[in-house]
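For reference, the structure is listed below as structure tokens.
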Amino acid sequence: LMFFGVLVLCVFIALILVVVSFGQRVHAGLKPVVRGLAAALVLAGVAMCSVVYVPSDSVGIVHKNMLGSSLKEGKIIAVNGEMGPQAETLPPGIHLWYWPLVYNVDYEPLVEIESGMVGLIEAADGLPMDEGQLFAPEWTPAEFQGMLDARTFLTTGKGRKGKQVSVLTPGRYRLNSRLFRITMVEQTEILQGEVGVL
């Protein structure tokens with residue numbers, strides 16, 4: 001909302017400059033300069049409207065509202081610029097070109113798994129499970145961090161939709177909450193000489 005105010009102010013000042021440039025008091029050689037300054041102010045105001053700031057303890061979840069094709073049937077996360085929730089998330093900092101009518105950006109806290117807990121992962125999108133499969137195959141330690149990136153999971157990682165064997169260990173994670181649902185449960189320790197019965 002603040003950036004819309006900046007746009008209105010820039011346009012207002014630009015209009016004043018344009019009106020002044022047509023007056024008799026402005027030297028003829030300065031008129032193009034004044035009009036150029038007015039145009040630059042309008043462009044700066046438009047650019048300011050596209051600014052998104054993500055706080056350091058949050059992740060930006062992007063939803064595209066227009067200027068894209070529809071998602072294919074059964075898909076809920078966009079990986080090729082389609083309309084809908086986008087696979088890419090925004091890390092902390094300032095980001096440009098997220099126009100308010102084209103995009104919505106939601107700010108969500110990082111997923112934090114406390115000591116003594118694990119995070120069970122369920123993916124809302126991805127390749128279907130094989131017949132009879134209840135859990136997606138475990139990710140290797142080398143690929144685990146990459147698979148937590150929604151774009152990687154849905155493209156080259158060939159992630160499976162549904163419950164995952166891999167879990168989140170204690171720590172903080174910047175995840176796309178439109179793709180990954182996390183349920184926190186207490187760790188269960190099986191001591192030597194004991195058996196866990198489910």
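The values are calculated or read from the model by the stated rules, or taken from the named source; none is laboratory data. In this text the structure is predicted, and so the values were computed from the model without any measurement. FYI the Cβ positions are ideal-geometry reconstructions off the backbone, even for glycines, and counts take in every protein chain you see. Only protein heavy atoms, including side chains, enter the accessible area calculation; ligands, DNA and RNA are left aside. Shrake-Rupley method; radii C 1.70, N 1.55, O 1.52, S 1.80 Å.
Let's see how each residue does on (1) at pLDDT below 70; (2) exposed (fewer than 12 other Cβ atoms within 10 Å of the Cβ); (3) in contact with a Pro (Cβ under 6 Å, 6 or more places away or on another chain):
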{"position": "1", "(1), (2), (3)": "yes, yes, no"}
{"position": "6", "(1), (2), (3)": "yes, no, no"}
{"position": "10", "(1), (2), (3)": "yes, no, no"}
{"position": "13", "(1), (2), (3)": "no, no, no"}
{"position": "18", "(1), (2), (3)": "no, no, no"}
{"position": "22", "(1), (2), (3)": "no, yes, no"}
{"position": "26", "(1), (2), (3)": "yes, no, no"}
{"position": "34", "(1), (2), (3)": "no, no, no"}
{"position": "39", "(1), (2), (3)": "no, no, no"}
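In segment 134-147, what residues are without any contact (Cβ under 8 Å) to a residue 24 or more places away in the chain and open to solvent by 50 Å² or more (accessible area, probe 1.4 Å)? Step through it out loud before you land on a result.
Taking segment 134-147 first, the residues without any contact (Cβ under 8 Å) to a residue 24 or more places away in the chain are 140-147.
Answer for segment 134-147, where residues must be without any contact (Cβ under 8 Å) to a residue 24 or more places away in the chain and open to solvent by 50 Å² or more (accessible area, probe 1.4 Å): 140, 141, 142, 143, 145.
Looking at segment 53-64, is at least one residue modelled with pLDDT of 95 or more and open to solvent by 30 Å² or more (accessible area, probe 1.4 Å)?
Yes, there is a match, as at least one residue in segment 53-64 is modelled with pLDDT of 95 or more and open to solvent by 30 Å² or more (accessible area, probe 1.4 Å).
If we keep just the residues of segment 107-133 that are open to solvent by 70 Å² or more (accessible area, probe 1.4 Å) and within 17 Å of the chain's Cα centre (by Cα), which is farthest from residue 65 (Cα to Cα)?
109
Taking segment 66-82 only, how many residues are more than 15 Å from residue 179 (Cα to Cα) and open to solvent by 60 Å² or more (accessible area, probe 1.4 Å)?
First, the residues of segment 66-82 that are more than 15 Å from residue 179 (Cα to Cα): 66-70, 72-73, 80-82.
Filter again for open to solvent by 60 Å² or more (accessible area, probe 1.4 Å), leaving 66-67, 69-70, 72-73, 80.
Of the residues in that region, 7 qualify.
Read through the list (1) farther than 18 Å from residue 165 by Cα; (2) modelled with pLDDT of 95 or more, then give the number of the only condition that residue 121 fails.
That leaves (1) as the condition not met.
Which residue is surrounded by the most Cβ atoms within 10 Å (Cβ to Cβ), if the candidates are limited to segment 148-183 and must be among the hydroxyl-bearing types (Ser, Thr, Tyr) and more than 16 Å from residue 58 (Cα to Cα)? Step through it out loud before you land on a result.
As a first pass, look at segment 148-183 and keep what is among the hydroxyl-bearing types (Ser, Thr, Tyr): 152, 155-156, 166, 169, 173, 177, 183.
Pick out the ones that are also more than 16 Å from residue 58 (Cα to Cα) and you get 152, 155-156, 166, 169, 183.
Values: 152: 17, 155: 13, 156: 11, 166: 19, 169: 13, 183: 11.
So, considering only residues that are among the hydroxyl-bearing types (Ser, Thr, Tyr) and more than 16 Å from residue 58 (Cα to Cα), the one surrounded by the most Cβ atoms within 10 Å (Cβ to Cβ) is 166.
Failed condition for residue 94, given (1) open to solvent by 80 Å² or more (accessible area, probe 1.4 Å); (2) under 17 Å from the mean Cα position of the chain (by Cα); (3) within 26 Å of residue 170 (Cβ to Cβ), with all others met?
Exception for residue 94: condition (3).
If you go through segment 116-171, how many residues are closer than 20 Å to residue 86 by Cβ, β-branched (Val, Ile, Thr) and touching an Asp or Glu at 6+ places or on another chain (Cβ under 9 Å)?
Final tally of qualifying residues: 1.
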